[in-house]
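Working notes, structure below.
Every read-out reported here was derived from the displayed coordinates using simple, explicitly stated rules and does not represent laboratory data. Being a predicted model, the structure only gives us computed values, none of them experimental. Because the Cβ atoms are built from the backbone with ideal geometry, glycine has one as well, and the counts that use them run over all protein chains shown.
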Amino acid sequence: MKSLSYLFLKYRVVLQITLGRRADAYQDLERLLHDNPDDAYALASRAHLKAQDQDRQGALRDYARLTTAPGAKAAHWFNQAYLQEELRQFDDAEASFRRALEINPELDRAWYGLGLVLIQLKRFDEAIAALRHNTQLQPMSPYAWYQLARVHMDRQEPGEAAKIIRHLKGFEPKIAAQLERETGLKSA
């Protein structure tokens, strides 16, 4: 069981962030990490703050500590992958997204992120598979459908893109219209 001082500092971090007192939140997180350098809550919270403050390299260092610890969570791998993708470290991002999915195959955001990374790596067959997996988990979310249509256009498969546009018209007509404008395709 965690000590009262630990719990007090942990809840104070939340309060500091809520009140917009980021410097104080960082100080409290440093106190938590001083007592326990591998505290997952403190590392994840500090990484999140650093990412918000545009210190992506600092955030990645914290996520690296989290993901190398025993029992690392899928969310830690996902957040690391997200930052790696932002920094255009696509090979590293792919590995991190895949690790997140090994831990939690139902993590739809990781399937989507993996699809985006694979697009950047020009591995379109794999990107399609990852994006389709995302659409199975989140069938009403237009983002993976949009990316799937774009990949099919890149692969010179306008018929497949038109099918997706038709599908999107059923629940996301604005996205379908956007794809029609971007691709020049009209779905019946």
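Of note:
- Ranked S96, S141, S5, S45, criterion: other C-beta atoms within 10 Å, fewest first: S5, S141, S45, S96
- Set of the stretch 108-125 residues, backbone N closer than 18 Å to the point 7 Å along the Cα-Cβ line of K73: 108-111
- Least to most buried among T67, T135 (fewest other Cβ within 10 Å first): T67, T135
- The listed peptides 103-115, 14-26, 158-170, 174-186, ordered by packing as a protection proxy, come out as 103-115, 158-170, 174-186, 14-26 (highest mean of other Cβ atoms within 10 Å first).
- The alpha-carbon atoms of the stretch 20-125, seen along their principal axes, cover 47, 27, 19 angstrom, with the largest extent given first.
- Over the stretch 73-121, all Cα pairs binned in 5 Å intervals from 0 give whole-percent P(r) values of 5, 30, 39, 19, 6, 0, listed from short to long.
- Sequentially through the stretch 160-167, phi angles give Karplus couplings (6.51, -1.76, 1.60; θ = phi - 60°) of 5, 5, 5, 4, 5, 4, 4, 4 Hz, Gly and Pro residues having no value and appearing as x.
- With the simple model of a label 7 Å out from the Cα in the direction of the Cβ, S141 to N36 spans 3.1 nm.
- Cα Rg over Rh - the stretch 137-188, Kirkwood: 0.92
- Reachable aspartates and glutamates from K50, criterion Cα separation under 15 angstrom, eight or more residues apart if same chain: D24, D28, E30, D62, E86
- Taken along its three principal axes, the alpha carbon spread of the chain comes to 64, 31, 28 Å, from the longest extent down to the shortest.
- Applied to the stretch 35-46, the Karplus parametrisation 6.51 cos²θ - 1.76 cosθ + 1.60 on θ = phi - 60° returns per-residue 3J(HN,Hα) values of 6, 8, x, 10, 5, 4, 4, 5, 5, 5, 5, 5 Hz, with x for Gly and Pro.
- Couplings for the stretch 47-57, taken from phi via the Karplus curve 6.51 cos²θ - 1.76 cosθ + 1.60 with θ = phi - 60°, read 4, 4, 4, 4, 4, 5, 8, 6, 8, 5, 5 Hz in order; Gly and Pro are left as x.
- Cβ-based exposure ranking for D125, D92, D154, in which fewest neighbours within 10 Å come first: D125, D154, D92
- Here the extension length gained between Q178 and L15 equals 54.5 nm, from 0.36 nm per residue of separation less the Cα-Cα distance.
- Only helical runs count toward this figure. For the chain, summing -39,500 (n - 2.57) over DSSP H runs of n ≥ 4 and dividing by all residues gives -24500 deg cm²/dmol at 222 nm.
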